[in-house]
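Okay, so here's the structure we're looking at.
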Amino acid sequence: MPAPRNTAIRDRHRATIARGKPPCGICGDTIDYSLTVAPGEHGKRCTGPTCTGCVPHPMSYVVDHVIPVNRGGPDILANKQAAHRMCNRAKSDRTDGGPILRRSGSLTRPNRT
Ligand SMILES: [Zn+2]
Ligand SMILES: [Zn+2]
């Protein structure tokens, strides 16, 4: 019997967390769970003339791993919390204190002063 697809578990966790509509686990502010994309913001590859926006809204809901997966955090519900997309991004920029192998081309990092 094949193992269930990982994305299915993630989707379920995401829905489970969203059901309680918790505030952002990083900054503590409320999250607008209806936000999806930033209206009028378009990605480089967007070509749709009817598109009203296709870039994820910075304040939209994402699932944040309390202990980041790339630092050994398990992909389980207990290690997940709701967060703003931008908070999640800021956190992942901040918590990689150790030597982490990054994909080529992204080794430079702004000084954290
Ligand atoms: Zn936040
Ligand atoms: Zn677009």
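Summary of computed values
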{"item": "Matching entry among Ile9, Ile17, Ile31 (being part of a helix (DSSP H, G or I), away from ligand 2 (no atom under 16 Å from the Cβ) and out of contact with any Asp or Glu (no Cβ under 9 Å at 6 or more places or on another chain))", "result": "Ile17"}
{"item": "Which numbered condition Arg12 fails, given (1) at pLDDT 95 or above; (2) surrounded by 13 or more Cβ atoms within 10 Å (Cβ to Cβ)", "result": "(2)"}
{"item": "Residue that is at positive phi and without any contact (Cβ under 8 Å) to a residue 12 or more places away in the chain, where the choices are Gly53, Gly28, Gly48", "result": "Gly28"}
{"item": "When residues of the stretch 31-61 are limited to those that are over 16 Å from the mean Cα position of the chain (by Cα) and of a type in the set (S, T, N, Q), the one surrounded by the fewest Cβ atoms within 10 Å (Cβ to Cβ)", "result": "Thr50"}
{"item": "Lone unmet requirement of (1) surrounded by 14 or more Cβ atoms within 10 Å (Cβ to Cβ); (2) modelled with pLDDT of 95 or more for Pro68", "result": "(2)"}
{"item": "Residue check for Asp96: among the acidic types (Asp, Glu), modelled with pLDDT under 85 and surrounded by 14 or more Cβ atoms within 10 Å (Cβ to Cβ)", "result": "yes"}
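The values are calculated or read from the model by the stated rules, or taken from the named source; none is laboratory data. Nothing here was measured: the structure is a model prediction, and the numbers come from that model. Cβ: placed from backbone, ideal geometry, glycine included. Neighbour counts: every protein chain shown.
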